[in-house]
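Each value in this text was obtained by applying a stated rule to the coordinates, not by laboratory testing. Values in this document were obtained by computation on a predicted structure and should not be read as measured data. Ideal geometry is used to build each Cβ from the backbone, glycine not excepted, and the neighbour counts take in all protein chains shown.
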Amino acid sequence: MSLGIGDKVRFLNDVGGGTIVKILPKNMVLVQDADEFEYPYPEKELVLVEKAVKEVQNIVKSEERNIESQVNQVIDEPEITGDNISEILFGFLRKKTDEFDGFEAYLVNDSDFYMFYHIVLRGDDGINKIDANVLEPNIKISVGVLSREQINLSKEVIIQIVFYDHPYQTLHDMVERKIKIVPLKFFQEHVFIENDFFDEKAYLFELLVEKPGLGESVKTQEDFENNLERKDKDESEEDKSRKFKPRKKPETLEVDLHINELVD
């Protein structure tokens, strides 16, 4: 059963419980206990005790529809840069408050492609979906939050991407990338660097970097023409006589016609 704001819940793997006061991205909720402390919790680790009043749920659903409508209006007109450069990145931003200690994960589509993406987290307990959706050209999106505990228990993030609807009708193969999770690195400040995509330092991984553009040959048209020119030059300078073997001169055969030379 889906949980909503106002629902009273108890913790599945911990003592206590409270009331859901906010729905967080990617199957996370904010639970307020009796002392008015708030804790982010995965929805699957909560047990429903009592559903919220129906009117409260209706208000929340109405607000969600308004937000979704605003998001769709933004998505309808994606930015197309036409710079023929494609770069796909995955990044982590450090998030530490009194209520939460962990990281927010982002997918960056710095290209003129739309793309389907599917992101999972592999750990000791198997595969858990982080997010799956469509990302528009030249957009970055938060795909989920990972707690310190999740990072410590995880082995890798797996990202699968299918590209489509490029303005130049370029076709590209599906991409799958695996990011190995090394918990110690996530808590070292030097791995978080200044960058062009976020206002704060981020731990970034390049999933794909291609110039000029996805789907183009590794060799540019200019390289191709230069290779042809070089090949023509090499052939013109080559001694063509080496390609042919000289014809053998005919040999004169001498035959002694004396009978004693022809037969025994």
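Tabulated data
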{"read-out": "Residue-span extension gain [Asn128 to Glu36] - 0.36 nm each, minus C-alpha spacing", "value": "30.1 nm"}
{"read-out": "Order of Ser142, Ser111 under a 10 Å beta carbon neighbour criterion, fewest first", "value": "Ser142, Ser111"}
{"read-out": "Of Lys8/Lys44; Lys22/Lys155; Lys95/Lys185; Lys95/Lys155; Lys22/Lys185; Lys44/Lys201, pairs whose Cα-Cα distance is over 24 Å", "value": "Lys22/Lys155; Lys22/Lys185; Lys44/Lys201"}
{"read-out": "Pairwise FRET efficiency - Lys178 versus Arg94, Cβ, R0 = 25 Å, nearest 0.05", "value": "0.65"}
{"read-out": "Sites Asn195 and Val15 - FRET efficiency at Förster radius 51 Å, r taken between beta-carbons, to 0.05", "value": "0.80"}
{"read-out": "Extension gain (nm, one decimal) between Tyr164 and Phe116, 0.36 nm per residue minus Cα-Cα", "value": "16.5 nm"}
{"read-out": "Fewest-first ranking of His190, His166, His118, using other Cβ atoms within 10 Å as the exposure measure", "value": "His190, His118, His166"}
{"read-out": "Binned Cα-Cα distance frequencies in segment 91-209 - 10 Å width, integer %", "value": "13, 44, 33, 10, 1"}
